[in-house]
Every structure is written in structure tokens, then in C-alpha cells.
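The numbers here are math on the coordinates, done by the rules we state, and not lab data. Model, not experiment: these values are computed from the prediction.
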Amino acid sequence: KKDDSFQAAFDELENIIKQFEEGTGDLDESLKLYERGLELSALCKKRLSAVENRVKEIDSKFETSDD
């Protein structure tokens, strides 16, 4: 269920962004949220990169040459 973990990470990241936009929380909490946000961002980027690579593999598998 990689998509579920991506969606969960993305949703959590959105929640962290909303918390920053609202300006709630103290400095220590904000630092923890920032660190968690970076972790989630890296996870999402990694998953998207894997999907992109898979799409390229599928595309190349089904490409036909006109030669």
C-alpha cells in the first residue's frame, strides 16, 4: 500500500503547513514540526521519483519504432 503511505505523508505534511500558517505552537514544537515536515517531504519526493521512473519504464516498454 505504497500509495496509502504517500497519501498519509502528504496529508500530514499539509497539516503541518496549516499549523505554520496559523502561527500556533511554541518554538520547540515548531522545530519538531519543521523536522517532521522535511522527513515527509523527502518521503513524498522519493515515492514520486519511483513512480516517475516506473512510468518511464512502462512508456519505453510500449514504444514502437517507425523504422
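Observations, loosely collected:
- Between helix 27-62 and the chain there is an angle of about 10 degrees, using the helix long axis and the longest principal axis of the Cα atoms.
- Within the listed set Leu31, Leu40, Leu13, the residue fluctuating most in the Gaussian network model of the chain (springs between alpha-carbon atoms under 10 angstrom) is Leu31.
- For the chain, diffusion coefficient by Stokes-Einstein and Kirkwood Rh (Cα), 4 °C, 1.567 mPa s, µm²/s: 92 µm²/s
- Contour minus Cα-Cα distance for Arg54 and Asp26 (0.36 nm per residue): 5.9 nm
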